[in-house]
Amino acid sequence: MLSRHSQYMLIVLFCALLCLSVGPAEENQAVRLVATGDTMLGSWVGDVIKENGYDYPFKFVSSYTNDADIYFTNLEAPFGTSGQPFEKRFTFRVHPKLVNVLLSGKINLVSLANNHTMDYGVECLRETFQVLDEHQIAYAGAGLDLTEARKAAVVEKNGRKVALLSYSLTFPEEFWATDTSAGTCFPYETFAYKDVSKLKRENDFVIVSCHWGAELRDTPKPYQIELARKFIDSGADLVLGHHPHVVQGIEFYKGKLIAYSLGNYIFGSYSERVKDSMILKVDLDNGPIGSVDVLPISVYNKEVDFQPVPLEGARKSAFFKHLIGISKELNSDSLGISSEGIVRIAKAG
């Protein structure tokens with residue numbers, strides 16, 4: 001029979017071996033990213049949330065998104081109560097309390113580089129920074145000057161560092177930050193590719209977010225394709241696009257993924273022209289792209305009332321068929337999507 005001392009030493013040895021076997025695996029596992037398109041919590045959304053609770057929009061998608069390490073969306077309106085509206089057709093501003101929608105959904109990374117972030121000027125932009133900082137939601141793409149707007153958001157998960165750079169290529173041009181004025185970051189060639197390369201040397205993964213393209217157009221413009229590929233060539237692992245409100249094609253380029261437009265997510269509009277969208281799930285791994293998964297959703301708010309619902313049956317099949325069709329010319333190899341939404345590339349020959 002072992003002495004108490006021997007029993008104690010065996011327990012210590014067992015615990016040490018257990019730590020050695022578990023520790024590295026936890027530190028080096030893939031980072032699971034869930035990415036969505038345009039989120040705008042103003043207009044009619046506020047009333048629906050007030051009546052149903054902050055977690056209302058996520059009822060039918062949370063089972064799909066809950067395993068995310070990083071949950072991304074394009075924040076299409078500033079949080080605030082100050083400022084004066086810019087003179088344009090649509091101006092958005094969201095009450096700071098509605099940040100609780102993001103928190104309820106566990107969204108922890110947002111892009112501010114879009115054509116509505118500056119709708120209520122620099123005062124409201126400052127409020128937005130304050131609200132996001134207070135609730136530890138990382139952001140990129142806007143600043144009080146161009147130097148700040150160029151800064152990346154860096155999120156560390158599973159022992160790996162993921163950096164996000166965000167750019168807006170949409171008008172009005174007055175919203176673009178300069179050396180002396182606040183705004184969003186336009187990807188000028190003088191620094192954009194260098195910033196991506198520098199970040200790649202300092203982080204495990206680099207994501208580039210772009211607000212670009214034409215509204216309601218389901219194929220990217222030539223400049224989008226050229227820019228996205230240059231970002232990949234510079235070191236980006238993933239390019240995420242938004243602004244068209246509808247889904248555009250996806251491309252595998254040099255083993256990296258480009259999603260030209262993720263469509264709408266939780267968006268305060270009853271548009272008849274925006275009905276289907278998608279949530280993208282990507283495992284960032286040594287590849288660096290591991291599995292890629294698409295969840296098609298209905299964002300037709302006359303039906304779902306700001307509560308995205310996964311597509312089923314014939315509508316789901318039609319969505320995948322359409323996505324494969326609009327992605328065909330972007331990929332040299334054949335793109336396929338299983339009935340479960342798993343995306344794969346079939347090599348020719």
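Only counting other Cβ atoms within 10 Å, I'd like 39, 219 sorted with the fewest neighbours first.
Working: 39 26, 219 17.
Fewest-to-most ranking of 39, 219: 219, 39.
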The relative contact order of the chain, taking Cα pairs under 8 Å that sit 6 or more residues apart, comes to a percentage of 16 percent
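Write down Rg/Rh for the chain, rounded to two decimals, with Rg from the C-alpha atoms and Rh from the Kirkwood relation over Cα pairs. Please report the intermediate quantities before stating the final value.
Numbers: Rg = 21.5 Å, Rh = 21.0 Å.
Rg/Rh: 1.02.
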Karplus 3J(HN,Hα) series, Hz, for the range 180-194 with 6.51 cos²θ - 1.76 cosθ + 1.60 (x for Gly, Pro):
10, 9, 6, x, 8, 9, 8, x, 5, 4, 5, 9, 4, 5, 5
For residue 199, what is the net charge nearby, where nearby means another residue's Cβ is under 12 Å from its Cβ and Lys, Arg count +1, Asp, Glu -1?
+3
I need the phi-derived Karplus couplings for the range 152-166: 6.51 cos²θ - 1.76 cosθ + 1.60, θ = phi - 60°, integer Hz, Gly and Pro marked x.
8, 8, 10, 10, 10, 9, 6, x, 10, 9, 10, 10, 10, 10, 10
Between helix 222-234 and the chain, what is the angle of the helix's C-alpha long axis to the longest principal axis, kept within 0 to 90° and rounded to the nearest 10?
30 degrees
Between the residues 138, 188, 326, the Cα farthest towards the positive end of the dipole of the range 30-346, that dipole coming from +1 and -1 charges on the beta-carbon of Lys, Arg, Asp and Glu, is from 326
By how many degrees, between 0 and 90 and to the nearest 10, does the Cα long axis of helix 313-327 differ from the longest principal axis of the chain?
80 degrees
Could you calculate the contour length gain from residue 161 to residue 84, that is, 0.36 nm times the residue separation minus the distance between their Cα atoms, to one decimal place in nm?
23.9 nm
Nonlocal amide H pairs with residue 209, under 5 Å, H built at 1.01 Å
165, 166, 167, 240
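How high is the relative contact order of the range 104-254, in percent, counting Cα pairs under 8 Å that sit 6 or more residues apart? Kindly include the intermediate steps, with their values, before the conclusion.
Working: 285 pairs, mean separation 31.2, N = 151.
About 21 percent, as a whole number.
Relative contact order, percent, of the range 244-333 when contacts are C-alpha pairs under 8 Å separated by at least 6 residues? Intermediate results must be reported in sequence, preceding the final value.
Details: 149 pairs, mean separation 25.2, N = 90.
Taking the mean separation of contacting Cα pairs over the length of the range 244-333, I get 28 percent.
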Please give the calculated 222 nm ellipticity per residue for the chain, where each DSSP H segment of at least 4 residues contributes -39500 (n - 2.57) and the sum is spread over every residue; nearest 500 deg cm²/dmol?
-9000 deg cm²/dmol
Post the alpha-carbon centroid distance, the range 166-191 to the range 216-243, in whole angstrom.
17 Å
Would you order 344, 160 from fewest to most other beta-carbon atoms within 10 Å of each residue's own beta-carbon?
344, 160
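Read-outs throughout are calculated quantities, based only on the coordinates presented, and are distinct from any laboratory measurement. None of these values were measured; they are calculated from a predicted model. Methodologically, a virtual Cβ is constructed for each residue, glycine included, from the backbone with ideal geometry; neighbour enumeration extends over all protein chains shown.
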